[in-house]
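Chemist: The structure follows.
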Amino acid sequence: MYQTIRYEKNGNIGIATINRPEALNALNSTVISELEQLISEVEKDAELGAFIITGEGRSFVAGADIGEQSIGGTDDCRCKRSALP
């Protein structure tokens, strides 16, 4: 269902695992989009009592995926940065 997130439900506990250990679970546009989608779905689950977000491997989240960043040319500031003067 997701490329970068593994979701499992154990009783009334939902566990989302960001699964990009090769990139120390750095956030890219795919991870952010999938987290938004998952959280939207989880909010509708009346049986859920807790929701945990964790990371696969040795890092929870290293931060933004700088390999995906570009200089200028976009209005999406979640994963992009502006050019310096």
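The values are calculated or read from the model by the stated rules, or taken from the named source; none is laboratory data. As the structure is a prediction and not an experimental result, all values here were calculated from the model. Positions of Cβ are generated from backbone atoms using ideal geometry, with glycine treated the same way; all protein chains shown enter the neighbour counts.
Chemist: I'd like the full set of residues that are surrounded by 15 or more Cβ atoms within 10 Å (Cβ to Cβ) and either under 23 Å from E68 (Cβ atoms) or within 10 Å of the chain's Cα centre (by Cα) (or both), limited to region 1-15.
Modeler: Step one: filter region 1-15 for residues surrounded by 15 or more Cβ atoms within 10 Å (Cβ to Cβ), giving 2, 4-5, 7, 14.
Within region 1-15, Y2, T4, I5, Y7 meet the criteria.
Chemist: Restricted to region 16-52, and to residues that are part of a strand (DSSP E or B) and surrounded by 12 or more Cβ atoms within 10 Å (Cβ to Cβ), which residue is farthest from the chain's Cα centre (by Cα)?
Modeler: F51
Chemist: Restricting to region 27-66, name every residue that is under 13 Å from I15 (Cα atoms) and of a type in the set (S, T, Y).
Modeler: Of everything in region 27-66, just one residue is under 13 Å from I15 (Cα atoms) and of a type in the set (S, T, Y), namely T54.
Chemist: Going by the conditions given, is V61 in contact with a Gly (Cβ under 9 Å, 6 or more places away or on another chain) and β-branched (V, I, T)?
Modeler: yes
Chemist: Does E8 satisfy being out of contact with any Lys or Arg (no Cβ under 6 Å at 6 or more places or on another chain) and either at pLDDT below 95 or part of a strand (DSSP E or B) (or both)?
Modeler: Answer is yes for this residue.
Chemist: Go through region 21-47 and count every residue that is touching an Asp or Glu at 6+ places or on another chain (Cβ under 7 Å) and within 20 Å of R58 (Cα to Cα).
Modeler: Matching residues across region 21-47 total 6.
Chemist: Any idea which residue in region 53-85 is surrounded by the most Cβ atoms within 10 Å (Cβ to Cβ), counting only those that are in contact with a helix residue (DSSP H, G or I) (Cβ under 6 Å, 6 or more places away or on another chain) and at pLDDT 95 or above?
Modeler: Looking at residues that are in contact with a helix residue (DSSP H, G or I) (Cβ under 6 Å, 6 or more places away or on another chain) and at pLDDT 95 or above, I get E56.
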